[in-house]
Amino acid sequence: MNFARFVDLADLSVAEIRDLLALADRLQQHPEPRALSGRVLGLLFLNPSLRTLASFQAGMARLGGSSFVITSGHGSWALETRPGMRMDGMAAEHIREALPVLASYCDALGIRAFADGRDLAADVADRDFRAMAALVPTPLINLESAINHPCQALCDWKTLDELQVPERSRFVLSWVPHPRALPLAVPAAALHMAALRGHEVVVLRPEGFALPAAVMERARAAAHASGGSVAETADRGTALAGARIVYAKEWGSTSHYGDAARDAELRAQLGHWQISEATFAAAAPDCQLMHCLPVRRNVAVAEHVLDGPRSVVLREAHNRLVVQMAVLHRLLA
Ligand code: CP
């Protein structure tokens, strides 16, 4: 199985995902340091990163290829992404020129473009990323868009496999506090991944933070096909009973999407949603904590949990490198 784009894990069947994870395992056991010799990966970041930036560069180097990084406005021209703008502000170049130019320099291009955070329907439809994708004729990798983070989802699947987490076990995607609203990409991608893997998925979130209906419906369809289920609740006690995985994630209010003041009012009351050891009182004894990172210690998750035996966040982050090497191999070898 080969593909020309890696923009949404849902584009792949479960068999294709398993095939990709088998390739990741093979490359782990039998490195191929010349597989991508002479190949070039371009990486465009419109938003900050630590893991995605470093792991794609490292993965490309480990496969014998090379990469270049453009971070909009930091050593390159600041890029305008909005259509129809009169460009008399800070942005000196529009993505309509920048993307085809960058694509012409490389064999595959990765783009990180977070949600605009103002128009929920546009963000759920991934409107901006789709518009950018249409400008890229070369193989394309989604490094995190408004509503998707397929590389994170793939690494999370691998981490669950490594931990031998049974497919039918309870997977709780739990909202956790953060000083401000964060995008929906990781919760949407983690939900879909867990549903597709066949888990009993529970989305645990306070009132005002329900995931968009379209995201839930898509996940329910995936769960139906895989023999899993998807439920949603604001009741922490019910959700966490018997949980095998708590996947902590911060996201913004969907009832007041784009309204920073109302969002802040809601989250000001929700500090007790922080994950601590007490969170796991009714969970399975071997319940583990996942988080995509970066995580705010003692805001989202208590330090004693992050530093304790339940936490698999470092393993998860390492697996970004492992699975992305498989993606690069599929796209470029
Ligand atoms: N999880 C993740 O994508 O990390 P970065 O934002 O650091 O790339």
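Computed values, structure above
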read-out: Test: residue in region 27-46 that is at pLDDT 95 or above, part of a helix (DSSP H, G or I) and surrounded by fewer than 18 Cβ atoms within 10 Å (Cβ to Cβ); value: yes
read-out: Residues that are more than 16 Å from the ligand (Cβ to nearest atom), surrounded by fewer than 23 Cβ atoms within 10 Å (Cβ to Cβ) and outside any loop (DSSP other than H, G, I, E, B), drawn from region 289-314; value: 303, 304
read-out: Selected residue [among the aliphatic types (A, V, I, L, M), assigned to a helix (DSSP H, G or I), more than 16 Å from the ligand (Cβ to nearest atom) and closer than 30 Å to residue 37 by Cβ] from 278, 326, 261, 317; value: 326
read-out: Test: residue in region 210-219 that is part of a loop (DSSP other than H, G, I, E, B) and touching a His at 6+ places or on another chain (Cβ under 8 Å); value: no
read-out: Single residue of region 159-172 satisfying the filter (touching a residue at least 24 places away in the same chain (Cβ under 8 Å) and open to solvent by 10 Å² or more (accessible area, probe 1.4 Å)) that is farthest from the ligand (Cβ to nearest atom); value: 168
read-out: For residue 169: the one exception among (1) closer than 28 Å to residue 240 by Cα; (2) outside the structural domain of residue 258 (by TED's automatic domain parsing); (3) not aromatic (Phe, Trp, Tyr); value: (2)
read-out: Which numbered condition residue 280 misses (of (1) surrounded by fewer than 18 Cβ atoms within 10 Å (Cβ to Cβ); (2) free of Cβ contacts under 8 Å to residues at least 60 places away in the same chain); value: (1)
read-out: Qualifying positions in region 114-152 - part of a helix (DSSP H, G or I) and more than 26 Å from residue 322 (Cβ to Cβ); value: 120, 121, 122, 123, 124, 127, 128, 130, 131, 132
read-out: Within region 236-256, tally of residues that are assigned to a strand (DSSP E or B), under 17 Å from residue 166 (Cβ atoms) and open to solvent by 10 Å² or more (accessible area, probe 1.4 Å); value: 0
read-out: Where residue 256 falls short, out of the listed (1) in contact (Cβ under 8 Å) with a residue 24 or more places away in the chain; (2) over 21 Å from residue 148 (Cα atoms); value: (2)
read-out: Region 54-68, residues that are open to solvent by less than 50 Å² (accessible area, probe 1.4 Å) and within 12 Å of the ligand (Cβ to nearest atom); value: 55, 56
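One line per residue, one yes/no per condition, for (1) in the same structural domain as residue 223 (by TED's automatic domain parsing); (2) closer than 18 Å to residue 139 by Cα; (3) touching a Leu at 6+ places or on another chain (Cβ under 9 Å):
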{"position": "39", "(1), (2), (3)": "no, yes, yes"}
{"position": "44", "(1), (2), (3)": "no, yes, yes"}
{"position": "58", "(1), (2), (3)": "no, no, yes"}
{"position": "75", "(1), (2), (3)": "no, no, no"}
{"position": "86", "(1), (2), (3)": "no, no, no"}
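The values are calculated or read from the model by the stated rules, or taken from the named source; none is laboratory data. As the structure is a prediction and not an experimental result, all values here were calculated from the model. Reconstructed Cβ throughout: ideal geometry from the backbone, glycine too, with neighbour counts over all protein chains shown. Heavy atoms of the whole protein, side chains included, go into the accessibility calculation; ligands, DNA and RNA do not. Shrake-Rupley method; radii C 1.70, N 1.55, O 1.52, S 1.80 Å.
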